[in-house]
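Student: Structure provided below as structure tokens; questions to follow.
The values are calculated or read from the model by the stated rules, or taken from the named source; none is laboratory data. Keep in mind that this is a model prediction, so the values were computed, not measured. When we count neighbours, we look across all protein chains shown, and the Cβ atoms used for this are built from the backbone with ideal geometry, even at glycine.
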Amino acid sequence: MTAAAKDGGSTGRRRLIVLAPLVIFLGLVALFLIRLYSGDPSRIPSALIGQPAPQTNLPPVAGLNRNGMPVPGIDAASFKGAVTVVNVWASWCVPCHDEAPLLMGLAQDARLRIIGINYKDEPENARRFLGRYGNPFAAAGADRNGRAAIEWGVYGVPETFVVGRDASIAYKLVGPITPDNLDKVLKPEIEKALAAGS
């Protein structure tokens with residue numbers, strides 16, 4: 001075998017060694033993207049459905065008021081006795097801006113209590129956000145370190161939960177509330193929770 005043939009074989013093996021991890025990586029990225037976009041992300045199952053709401057205790061968002069009164073934080077008692085919509089949000093979350101008017105609409109329903117978990121946000125930014133869009137929250141807890149979001153099994157912000165009168169999680173919506181999923185999914189789930197407790 002000639003020296004040129006040996007060099008050609010060595011170069012081919014080196015090229016294969018260098019390219020193999022890249023090909024494997026690109027394959028994994030492609031698989032991830034296919035899985036990510038092939039279905040409705042709001043249908044990601046939650047192990048918490050049917051389970052009691054986490055025993056969340058969060059301090060109030062500092063300085064937050066509603067109708068001239070301080071908005072309380074969240075404790076375990078916040079979820080008993082009424083159907084509650086729990087929204088995990090942040091001022092820096094772009095889809096949260098889009099869903100804010102829809103939450104304000106839900107807050108007009110006197111049968112519901114709307115509670116917010118403010119995720120890894122600065123209080124002044126949270127207050128500014130709610131000052132701009134309105135404050136739908138009867139209670140809003142500051143989850144500064146993200147611990148409560150972990151307890152609730154949050155994948156990312158925003159997410160919304162429906163909690164029944166028995167303080168069990170009835171439904172979880174991953175991603176923003178939109179006019180479409182509000183009418184087709186979230187409101188029917190809220191109605192189910194209301195009917196279950198009557």
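Student: When you check Gly164 against the structure, is it surrounded by 19 or more Cβ atoms within 10 Å (Cβ to Cβ), out of contact with any Pro (no Cβ under 6 Å at 6 or more places or on another chain), in contact (Cβ under 8 Å) with a residue 24 or more places away in the chain and within 19 Å of Leu48 (Cβ to Cβ), yes or no?
Tutor: Judged against the criteria, Gly164 is a match.
Student: Which ranges mark the strands (runs of 3 or more DSSP E) fully within region 86-187 that have 3 or more residues being in the same structural domain as Ile49 (by TED's automatic domain parsing) and touching a helix residue (DSSP H, G or I) at 6+ places or on another chain (Cβ under 6 Å)?
Tutor: In region 86-187, the matching strands (runs of 3 or more DSSP E) lie at 112-119, 169-174.
Student: Just one of the numbered conditions (1) among the acidic types (Asp, Glu); (2) within 17 Å of the chain's Cα centre (by Cα); (3) modelled with pLDDT of 95 or more is not true of Asp109; which one?
Tutor: Evaluating Asp109 over (1) among the acidic types (Asp, Glu); (2) within 17 Å of the chain's Cα centre (by Cα); (3) modelled with pLDDT of 95 or more leaves (2) as the failure.
Student: Against the definition (free of Cβ contacts under 8 Å to residues at least 60 places away in the same chain and on the phi > 0 side of the Ramachandran plot), how does Gly68 come out, yes or no?
Tutor: Yes: the conditions hold for Gly68.
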